[in-house]
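The values are calculated or read from the model by the stated rules, or taken from the named source; none is laboratory data. Predicted, not measured: the structure shown is a model, and the values here were computed from it. Virtual Cβ from ideal backbone geometry, glycine too; neighbours counted across all protein chains shown.
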Amino acid sequence: MEDLDKLDELRYIKKVMQDSKRIIAEDGHSLIFWGLLVTIGQLITFFVFFYNVFTNYYLYVWPVLIFIGWSYTIYYNRKKYGKMEVHTFAGKILGAVWVSFGISATILGFIPAITGAIKGGGYINPLIGTILGAAYFITGYIYGKKWVSNIAFGWWIGSIYMFFFPNIYSLLVMSCLLICLQILPGIFLRIQYFKELQK
C-alpha cells in the first residue's frame, strides 16, 4: 500500500512538472511583452532626464505604460485561460508568483515616489530587480529548469550594483538586465515550446 502511495505521489509530481513546463513556455510571451514594455519606459526615462526634454509630459509615461501592460495581461489571460474548466496546480502556483510580483512591482514603482519614501526614484529599480530575482528563482524550481532559477542571480547581482550606484545610468543597466535576463529567456522559452509541439 505504501508503494502505491509513493507511486501516486511520483506521478503527481511528474504531472505538476509537465504542466509547469507547458505553462512557463507559454508565459515566455508575457516575459517578452513586459520586458519590452518596461525597457521602453526605462529608455524614455533616461532620455527625458539626460537631455532634459519633454519633462512636462514625463509624468504620464509610466502610468500609461503600466496601464497598457496590466490591461493587455488581463485581456490575454482571460482570452487564453478564461474558458479552461480545470486549472492545474502548477499553473495556480506560477500564476500566484507572477501576479504577486506584478502587484509588488507596481506598488514599488509608484507609491514610494508619490509618498516621498524614496527620493528621486534611484532605488526603485534595484528593489524591483530584487523581487524579480525571487520570482525567477521560485519559477525555476517549479519549472524544473535550473537555468531559469539561475537567472535570479543575475537580477540580484544587478540589483546590488544599482543599490551602490543609484544614478541615471542605472536606467540603462536595468534596460540591459531586462533584455538579457527577461526578453531573451522569454524568446528561448517560446522557441523551446514550439519545438516540443512539433515533436
Task: Matching residues, region 93-111, being surrounded by 14 or more Cβ atoms within 10 Å (Cβ to Cβ) and of a type in the set (A, V, I, L, M, F, W, C) - done: 93, 94, 97, 98, 101, 105, 108, 110
TODO: Would you check if there is a residue in region 173-193 being surrounded by fewer than 19 Cβ atoms within 10 Å (Cβ to Cβ), in contact with a His (Cβ under 9 Å, 6 or more places away or on another chain) and either assigned to a helix (DSSP H, G or I) or among the aliphatic types (A, V, I, L, M) (or both)?
DONE: yes
- [ ] Would you point out which residue out of 130, 139 is touching a Leu at 6+ places or on another chain (Cβ under 7 Å) and part of a helix (DSSP H, G or I)?
- [x] 139
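Quick grid of which residues meet (1) at negative phi; (2) modelled with pLDDT of 95 or more; (3) of a type outside the set (Asp, Glu):
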residue	(1), (2), (3)
116	no, no, yes
120	no, no, yes
128	yes, yes, yes
132	yes, yes, yes
157	yes, yes, yes
162	yes, yes, yes
167	yes, no, yes
182	yes, yes, yes
Task: Odd one out for residue 118 among (1) in contact with a helix residue (DSSP H, G or I) (Cβ under 6 Å, 6 or more places away or on another chain); (2) hydrophobic (A, V, I, L, M, F, W, C); (3) in contact (Cβ under 8 Å) with a residue 60 or more places away in the chain - done: (3)
